[in-house]
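Reviewing the structure listed below.
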Amino acid sequence: MANETNQFSEIIAHCKEYGYIFPSSEIYDGLRAVYDYGQNGVQLKKNIRDYWWKSMTQMHENIVGIDAAIFMHPLTWKASGHIDNFSDPMIDNKDSNKRYRVDHLIENYAEQLALEGKKEEEFALLKSMEELLGKDDFAGIKNLIYENNISCSVSGTCNWTDVRQFNLMFDTQLGSISGEAEKIYLRPETAQGIFVNFLNVQKTGRMKIPFGIAQTGKAFRNEIVARQFIFRMREFEQMEMQFFVRPGTEMEWYNYWKSERLQWHESLGIPAEKLRYHDHVKLAHYANAAVDIEFEFPFGFKELEGIHSRTDFDLKQHQKLSKKKMQYFDNELKEDGKPYGNYVPYVVETSVGLDRLFLSILSTAYAQEKWLKEDGTEDSRVVLKLPPKIAPYKLAILPLVKKDGLPEIGKQLLHDCQKSFFTFYEEKDSIGKRYRRMDAIGTPFCVTIDHQTKEDNTVTIRDRDLMTQERIALADVKKLIEEKIKD
RNA sequence: GCGGAAGUAGCUCAAUUGGUAGAGCGAUAGCCUUCCAAGCUAUAGGUCGCGAGUUCGAGACUCGUCUUCCGCUCCA
């Protein structure tokens, strides 16, 4: 009966129409690549986050959570490498549209000079470049490129844009007195909040390796091109867990989390064929192994979660800059009967984008269905087949008519149920229309109060996905739903 | 960032050669009530994305700008 299509633009439209996601500050034309979660979206997002939180912390006695601030000491980003690696001045060639890091562009040209035997010119060029870069004199850099007639290797022209700084980190000022204010960054990842709290948590929680610290929270990246709805946003939410292990055991844990995390996504109803691993060939500066779990979005397979073996890079860097020892004393005995002793732990990270996960779940759940009714006419619906445990509303209570005392029974049931889970109550419009509305927002169960209810205290309960109904005792409704929404 | 396309009511779309905006669905209120969006009545909702320009007159033409989608580019 199902004839499903999965057009991305239809999903976006559905999100807006049914209160899942709105463009940010839409009345002012929106803000590029920034979105707000609506009344249903916030609930779905929260349920996904809670499910992650529970499976990471509550279900693992050796993983605890924290909630670090978005603002962090500026040296944090020096230590992590974000300041040095992500603030390169760039320049575009207007003819080829090719973008270069200006230091690479000039260094390449300098190499040519060297090959031509013009050692002095090479030296002078590099020296001026360093001076200009040192004082962020971008106009000067551009002049330097023009003076030396440095051209684009693709177009061969010197038709350059201005030099621009592309720093992925947003900055702002801490302290309100200008001049005295300190430049401070909005965190580009939540991981560092965990690393800087490593000692606090390990000591106060008396944590023994291996152990993990989990955190969910907002991160900010000033992406040059942010697009594809909520897939790449400038403000987004991460759910990260850093797992601290004994050096040498990291690959074991890396493989453990690699398979663990894939299964977790499947437990949220994402079909296995829409998930795959993508091993990194080119590794980031901090990693010795990295894999992405990719999901087949409507626009192709893209990264959903990253699992990285980060070695001891981060803790060592913080040790270096903070001059605090990021050590752990391992009392467990080696084969020779002596303890493992002091070391800087290795880290295996799992990092999933909550917004991306939201989009994965939504695009998996979204379905347009068409079928023939008994009288031969076509019927159709749009339904979000969300797993009941994360659906915004778990149950809708629908009196068949709004008279004869049926609303009163419905409201009593609402009162009983809403203490335990989100319950929707609606008595307006035809029952079919109300079912369609509930399908559109993904409510898994609808209970209808009819005249028989008054006689024998039973109601019909309708399954969203099957559109079938069965009659159950009114008194069993709450218990039944609670059973259905359990993990 | 480059190229292409689009923007009129909550949604889908109309509006002659330029003559100061309409429909269906939806929403709200009421009536009716029969378990899968389709009965009846009434009401609300738009400075045509925004800003200039051309014109006696612009939703329509021109320019700019914002936003979105598609392709390229980028992506610790």
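Brief remarks on what is shown
- The helices (runs of 4 or more DSSP H) found entirely in the stretch A:326-445 that carry 2 or more residues being under 30 Å from A:L262 (Cα atoms) are A:354-365, A:431-441.
- Breaking point among (1) open to solvent by 50 Å² or more (accessible area, probe 1.4 Å); (2) within 30 Å of A:E237 (Cα to Cα); (3) not acidic (D, E), for A:K370: (2)
- Number of the condition not met by A:R232 [criteria: (1) more than 12 Å from RNA strand B (Cβ to nearest atom); (2) within 14 Å of A:R356 (Cβ to Cβ); (3) of a type outside the set (S, T, N, Q)]: (1)
- Residues that are open to solvent by 10 Å² or more (accessible area, probe 1.4 Å) and near RNA strand B (Cβ under 9 Å from one of its atoms) were ranked within the stretch A:395-420; the one that is nearest to A:V477 (Cα to Cα) is A:L400.
- In the set A:T453, A:T460, only one residue is within 12 Å of RNA strand B (Cβ to nearest atom), open to solvent by less than 80 Å² (accessible area, probe 1.4 Å), part of a helix (DSSP H, G or I) and more than 30 Å from A:K16 (Cβ to Cβ); that residue is A:T453.
- Counting the residues of the stretch A:302-325 that are open to solvent by less than 80 Å² (accessible area, probe 1.4 Å) and assigned to a loop (DSSP other than H, G, I, E, B) gives 1.
- Wholly enclosed strands (runs of 3 or more DSSP E) of the stretch A:5-124 bearing at least 1 residues within 14 Å of RNA strand B (Cβ to nearest atom) and modelled with pLDDT of 80 or more: A:21-23, A:35-37
- Selection within the stretch A:371-385 - farther than 28 Å from A:I230 by Cβ and touching a residue at least 60 places away in the same chain (Cβ under 8 Å): A:W371
- Per the conditions (1) among the β-branched types (V, I, T); (2) open to solvent by 50 Å² or more (accessible area, probe 1.4 Å); (3) over 15 Å from A:A68 (Cβ atoms), the sole criterion not satisfied by A:V196 is (3).
- Out of A:P444, A:P345, A:P387, A:P392, sole residue that is within 16 Å of RNA strand B (Cβ to nearest atom) and not aromatic (F, W, Y): A:P444
- Some residue of the stretch A:291-301 being more than 27 Å from A:A69 (Cβ to Cβ), over 16 Å from the mean Cα position of the chain (by Cα), open to solvent by 60 Å² or more (accessible area, probe 1.4 Å) and not charged (D, E, K, R): no
- Counting only strands (runs of 3 or more DSSP E) that fall entirely inside the stretch A:210-284 and contain at least 3 residues that are farther than 18 Å from A:G300 by Cα and out of contact with any Leu (no Cβ under 8 Å at 6 or more places or on another chain), the qualifying elements are A:211-220, A:235-245.
- With respect to the conditions (1) closer than 14 Å to A:L474 by Cβ; (2) surrounded by 13 or more Cβ atoms within 10 Å (Cβ to Cβ), A:R434 lacks only one, and its number is (1).
- When each of A:D429, A:D439 is tested for being farther than 23 Å from A:L362 by Cα and within 39 Å of the chain's Cα centre (by Cα), the lone residue that passes is A:D429.
- Filter result (at pLDDT below 75 and exposed (fewer than 14 other Cβ atoms within 10 Å of the Cβ)) within the stretch A:125-139: A:G134, A:K135, A:D136
- Of the residues making up the stretch A:342-365, those that are open to solvent by 10 Å² or more (accessible area, probe 1.4 Å) and either in contact with a helix residue (DSSP H, G or I) (Cβ under 6 Å, 6 or more places away or on another chain) or free of Cβ contacts under 8 Å to residues at least 60 places away in the same chain (or both) number 3.
- Any pair with Cβ under 7 angstrom, 6 or more apart, that starts in the stretch A:52-64 at a residue that is on the phi < 0 side of the Ramachandran plot and in contact (Cβ under 8 Å) with a residue 24 or more places away in the chain and ends at one that is exposed (fewer than 14 other Cβ atoms within 10 Å of the Cβ) and of a type outside the set (K, R): A:V64/A:G205
- Some residue of the stretch A:421-435 being touching a residue at least 24 places away in the same chain (Cβ under 8 Å), near RNA strand B (Cβ under 10 Å from one of its atoms) and in contact with a His (Cβ under 8 Å, 6 or more places away or on another chain): no
- When A:H285, A:H265, A:H280 are screened for being open to solvent by less than 70 Å² (accessible area, probe 1.4 Å) and over 30 Å from A:F22 (Cβ atoms), only A:H280 passes.
- Condition met for A:V477 (surrounded by 15 or more Cβ atoms within 10 Å (Cβ to Cβ), of a type in the set (V, I, T) and not in a helix (DSSP H, G or I)): no
The values are calculated or read from the model by the stated rules, or taken from the named source; none is laboratory data. Quick caveat, the model's predicted, so the values are computed rather than measured. Counting neighbours? That spans all protein chains shown, and the Cβs are built from the backbone with ideal geometry, glycine included. Just the protein is used for accessible areas: all its heavy atoms, side chains included, with ligands, DNA and RNA removed. Shrake-Rupley method; radii C 1.70, N 1.55, O 1.52, S 1.80 Å.
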